[in-house]
Amino acid sequence: MFYLDLFRTLEQYHVRYLLVGGLALNIHGVERATMDVDLMLALDSENISAFIAVARVLGMKPLLPVTLDDFADPAKLRSWIEEKHMLAFALRPLRTSDPTVDILVQPKVDFDLAWNRRIEKNLGETCLSLAAIDDLIALKTGTGRQRDESDIQALRQLRNLGLE
């Protein structure tokens, strides 16, 4: 299964990541349909290199006409953010039936702070790094998307019930 392969390989390559987005909501307990895997990465060069190795092992390719190595180039990444207003770097897995993987390139939440608040979930023999509810709320706040507003309400209900 792609999800387990992804999380297992991220763990094997010691990639510092947080699962965010719809799949993270599902794992927290919010029923939410989603078509992709959203990740927040530590964007230092060592971690990006480790992530690129994972992408290669899993046969993932960028959706844009760029290379994986372009993602590791800080100047190109900065250019995409400033000139193209990029929010996420999308990767397509080898099998087209598998979900795309979106890497947040300018998250509203500081990665290191969110990393310290992460929740680790065991999926069999694989450990998953999950963003905390408050960080998911912060990431979804102010986007102007109705889906995100609904997600925020559901996450607040979970938090208020102490179900995180």
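What follows is calculated from the coordinates using simple rules that are stated; it is not laboratory data. Worth saying up front: this structure is predicted, and the values here are computed from it rather than measured. Note: ideal-geometry Cβ built from the backbone for every residue, glycine included; neighbour counts use all protein chains shown.
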The summed charge of the K76 Cβ neighbourhood (under 12 Å; Lys/Arg +1, Asp/Glu -1) stands at -3
Compare the peptides 66-75, 18-27, 117-126 by average per-residue count of other Cβ atoms within 10 angstrom and give them in order, highest first. 18-27, 66-75, 117-126
Give me the extension gain from S97 to N26: residue separation times 0.36 nm, minus the current Cα-Cα distance, reported in nm with one decimal. 23.6 nm
Excluding residues fewer than 8 positions from K76 in its own chain, the lysines with Cα under 24 Å of it are K61, K84, K108
Which length gain, in nm to one decimal place, applies between E82 and D44 when the Cα-Cα distance is subtracted from 0.36 nm times their residue separation? 11.8 nm
With n ≥ 4 as the cut-off for DSSP H runs, can you work out [θ] at 222 nm for the chain, using -39500 (n - 2.57) per run divided by the number of residues, rounded to the nearest 500? -14000 deg cm²/dmol
Matching label, Kirkwood radius over Cα pairs in Å computed from the structure shown, candidates (i) 16.7; (ii) 16.3; (iii) 17.6: (ii)
Counting only residues 5 or more places away or on other chains, whose amide H sits under 5 Å from the amide H of M86 once H atoms are built in the peptide plane? I81
How much length would be gained if the chain were fully extended between M1 and Q153, taking 0.36 nm per residue of separation minus their Cα-Cα distance, in nm to one decimal? 51.7 nm
Cβ crowding within 10 Å averaged over residues, with 42-54, 77-89 ranked highest first: 42-54, 77-89
Find the relative contact order for the stretch 66-164 and round it to a whole percent, using C-alpha pairs within less than 8 Å whose residues are 6+ positions apart. 15 percent
Step through the residues of the stretch 134-150 one at a time and calculate ³J(HN,Hα) from phi using the Karplus curve (6.51 cos²θ - 1.76 cosθ + 1.60, θ = phi - 60°), rounding each to whole Hz and writing x for Gly and Pro. 4, 6, 4, 4, 4, 5, 8, 6, x, 7, x, 8, 4, 4, 5, 4, 5
Once amide hydrogens are built 1.01 Å from N within the peptide plane, the residues lying 5 or more places from V37 or on another chain with amide H under 5 Å from its amide H are T100, V101, D102
Under 5 Å from the placed amide H of K61, counting only residues 5+ away or on other chains, we find R92
Total formal charge among the other residues, if their Cβ is under 13 angstrom from that of M35, Lys/Arg +1 and Asp/Glu -1: -1
For the stretch 121-133, Karplus couplings with θ = phi - 60° (6.51, -1.76, 1.60), whole Hz, Gly/Pro x: 10, 8, 10, x, 9, 10, 9, 10, 9, 10, 5, 5, 4
Beta carbons within 10 angstrom, averaged per residue: use that to sort the peptides 106-115, 127-136, highest first. 127-136, 106-115
Please list, in order along the stretch 41-52, the HN-Hα scalar couplings obtained from phi with the Karplus expression 6.51 cos²θ - 1.76 cosθ + 1.60 (θ = phi - 60°), rounded to whole Hz, x for Gly and Pro. 10, 5, 9, 7, 4, 5, 5, 4, 4, 5, 5, 4
